[in-house]
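What follows is a short report on a single structure.
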Amino acid sequence: MKPCRATILLGVLAAAATSASSPPIRPGRNDIVYSTDVVTPHVPWAVKLPGGPIRGFFIPSVARGRDMVELIQRLDLRPTTVTIDPSWDVNCWGVGDFYGHETRGDRDDFRIVYGYAEEDLTGSAPFEVMVIPGLNGWSRLTRPSRDAILRRVREGAGLVLLHPFVGDVKGHPFKGDEAEGDTRIWDLSPLVGVPDDRVSDRGYPEPNTEAMTQARWEPVGRHSITDGADLALIPSGARGGRFYVYEARGDVLVSAGGHPVVAARSYGKGRVVAFAYAGEGFIPEPVDPVATRTYWDSWEYEYALLAKSILWAARRETGVHVASLRASADEGLQLALSLGVPEPGALPVSSGDATRRVEIEVGVRSAFGGAPGRRTIRRDLRAGENEVVVEAADLRPDHGWPGGRQIVEVVVRDAAAAEECRRPEALRHLFTRFLASLGMTIILP
């Protein structure tokens, strides 16, 4: 059986989950705190990072606000959040008993919530990264907010843009809008030139479906965000994955049908990543798992790709990376880890990383669910490339392969940190998928 392409997802696995949340709401603001008190099934990709949590600014929507919590569950964040929904009524009443229009806005009036964003973006709090969705267009942000984003990125902050576009301030102006759209977004974004989404006469966003297409995502070249990522685990092409058609003005990391889907660039001292996918939240719009035969937890890989983008934009990559990763039911797992050889775009590795003892945890689970069976091995990594092999007999679950797509989970930890209260330091989560060469049968009574 042929080995499959490998998927590499950056992260660190914590020994125990802890409750986390965004900071308390400022007095006088009508917004919400995003807390992990309600835990959903997830893979804690990078819940403990060297250097502490990433300080970031995020604008989650109301309808997809859970995306913020899901991201906090998977990535070590200290987020500052302002909740803004592109639909005016959901924005006004969707986060609690704010039944007076004056508390969150009104139809064609988002000045209150955009004012919250302005307070944070123009304030003195440092942000390593900002995650800004398209909403109703870049130009709807206040001029001081846009100026602050440009300044912060020029000075070294990271930026992740989700479906960036100018905004139709001429065709459907909101209260407080300027007369002309702000095209400086195209100076900043590595994806440029998409037509605006529209706003209906009733004040609701109307996605510009004429500016969208659908095709299978494919990686382009090598980059620390997508290096080794098996994009087949993210629904695209016939399974879904609509995206907006842009032109690239940066390094294209993912393309589909000849169009860029994910791209990155530098702006001043900062790094910028842009995503073209359609959706109201932080990840692509969901697909019907039955109609598309997407039986695995595809959102895990979508959150992981976003998390890796945030890590790269915030300059939080590590000096350990995967040179290659292959797995099959017949040949087992072949893993090549490089130490002291930075990934494309990574920061230099300190001399203290010349050698490192690591603990490698390998687990296998079916795409249909279930907790993975795990085993742990230890290796001393030396500068350069290091090969790790797990034989097929050792990789195979005790009960045998269940058939269908298998997901192999590999977690690499610093061994000393693993010993000390099982608290991991900075290494990686790795995933690979393959089809087991087994049949399936039904036992009838």
For segment 43-73, how many residues meet the condition of being surrounded by 22 or more Cβ atoms within 10 Å (Cβ to Cβ) and charged (D, E, K, R)?
-> 2
Filtering segment 238-278 for residues that are in a loop (DSSP other than H, G, I, E, B), out of contact with any strand residue (DSSP E or B) (no Cβ under 8 Å at 6 or more places or on another chain) and surrounded by 18 or more Cβ atoms within 10 Å (Cβ to Cβ) leaves a count of 1
Out of (1) at pLDDT 95 or above; (2) under 25 Å from Ala313 (Cβ atoms); (3) in contact with a helix residue (DSSP H, G or I) (Cβ under 7 Å, 6 or more places away or on another chain), the one Val169 does not meet is (2)
From the options Glu155, Glu218, residue that is surrounded by fewer than 22 Cβ atoms within 10 Å (Cβ to Cβ) and at pLDDT below 95 | Glu218
Of the residues in segment 40-61, those that are β-branched (Val, Ile, Thr), farther than 22 Å from Asn91 by Cα and either under 16 Å from the mean Cα position of the chain (by Cα) or modelled with pLDDT of 95 or more (or both) number 3
Go through segment 219-244 and give me each residue that's out of contact with any helix residue (DSSP H, G or I) (no Cβ under 7 Å at 6 or more places or on another chain) and not charged (D, E, K, R).
-> Val220, Gly221, His223, Thr226, Gly228, Leu231, Ala232, Ser236, Gly237, Ala238, Gly241, Phe243
Could you list, in sequence order, the residues of segment 388-407 that are more than 10 Å from Val364 (Cβ to Cβ) and in contact with a Ser or Thr (Cβ under 9 Å, 6 or more places away or on another chain)?
-> Ala392, Gly403, Gly404, Arg405
Among the candidates Glu385, Glu420, Glu425, single out the residue that is charged (D, E, K, R), at pLDDT 75 or above and not assigned by TED's automatic domain parsing to the domain that holds Thr226.
-> Glu385
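The values are calculated or read from the model by the stated rules, or taken from the named source; none is laboratory data. All values reported here derive from a predicted model rather than from experimental measurement. Note that each Cβ is placed from the backbone with ideal geometry, even for glycine, and that neighbours are counted across all protein chains shown.
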